[in-house]
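Asks: First, the structure itself, so that you have it in front of you.
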Amino acid sequence: MEFVVVYLLVNILVGAAACFFGKRLFFLMLGALVFLGVFNIALSSSDASTVSLVIAAVLGVVAALLSKFAYKAAVFLAGFVTGAALGFIVTMLLPEGAADFLAVIMVVAGVLVGLAGVRWSDTIVRWGTAWTGASFAVPNVLAAALAFGSLTERAVPGDAMATFDALSGYVGGEFAAAYGTPILVGTLALAVVGAIVQTRTHD
C-alpha cells in the first residue's frame with residue numbers, strides 16, 4: 001500500500017507545483033513534467049523494464065538541459081506535453097472507437113499546442129504548465145478519493161515498478177474512461193485557477 005501512496009503523492013505534488021508555480025519554476029518544472037509524462041507513458045506502454053525506466057530518466061534530463069539553452073524549444077516541449085494530455089482526456093470523452101487513434105490524436109494535439117506555444121510563449125507557459133499540472137493532479141486526486149480500494153488491489157507487494165505500472169495503466173485507462181467528465185471538468189477548473197495564480201504572481 002505504501003507504493004500506492006508514493007505513486008499518488010508524486011503525481012499530485014508534481015502536478016500541483018506545475019499548476020501553481022509553473023512559470024516561476026519553468027525550467028525546473030519542464031524537466032520534471034516531461035520526465036513524469038515520459039515515465040507514465042513508458043510504464044503504460046511497456047513491461048516497466050529497467051531499460052524503459054532508464055530511457056525515461058535520460059529523456060527527462062535531456063529536456064531539462066535543452067530548456068535552459070533553447071527557450072523556444074522548451075516552450076514547444078511544454079506545449080507538446082500539454083497538448084498530448086489534452087488529446088488524451090478529449091479522446092476519453094469520444095465514442096469508444098476513437099481510442100484506437102489515441103496516439104495520433106495525442107501527437108497532433110501536442111504539435112498544435114506546441115507551435116502555438118512558440119508564438120505566444122509567455123502566456124502559453126503559464127497556461128500550459130497550469131493545464132499540464134492539473135492533468136496530472138486531478139485524475140490522481142479523484143482516483144484516490146473515488147477508487148482507492150481499486151488502486152490498492154492493483155498493488156504488487158514488494159515490487160514498486162510493477163505497482164506503478166499497474167496504477168498508471170488503471171488511472172490512465174479504466175478509471176479515466178469511467179470518470180472522463182469529472183476529470184475534464186476538474187482539470188479545466190484547476191488549470192484556470194493555476195493560470196490566474198501564476199499571472200497575479202508574475203504581475
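Asks: Highest first, please rank the peptides 16-22, 115-121, 125-131 by the mean number of other Cβ atoms sitting within 10 Å of their residues.
Replies: Output ranking for 16-22, 115-121, 125-131: 125-131, 16-22, 115-121.
Asks: For a Förster distance of 35 Å, can you work out the FRET efficiency between the beta-carbons of residue 119 and residue 94, rounded to the nearest 0.05?
Replies: It comes out at approximately 0.80.
Asks: With Cβ to Cβ distances under 14 Å as the rule, what net charge do the other residues near residue 172 carry (K, R +1; D, E -1)?
Replies: Taking every Cβ under 14 Å from that of residue 172, the sum is -1.
Asks: Per 0.36 nm of contour for each residue apart, how much would the distance between residue 73 and residue 178 grow if the chain were fully extended, relative to their Cα-Cα spacing?
Replies: Result for the pair: 34.3 nm of gain on full extension.
Asks: Assuming a ≥ b ≥ c are the square roots of the Cα gyration tensor eigenvalues, decide whether region 72-128 counts as rounded (a/c under 1.5), prolate (otherwise, with a/b larger than b/c) or oblate.
Replies: prolate
Asks: Can you list the HN-Hα couplings for region 124-129, worked out from phi with the Karplus curve (6.51, -1.76, 1.60; θ = phi - 60°), rounded to whole Hz and with x for Gly and Pro?
Replies: 5, 4, 4, 5, x, 5
Values in this text are rule-based calculations from the coordinates and carry no lab data. Predicted model, so just to flag it, every value in this text is computed and none were measured. Here the Cβ is made from the backbone with ideal geometry for all residues, glycine too, and neighbour counts use every protein chain on show.
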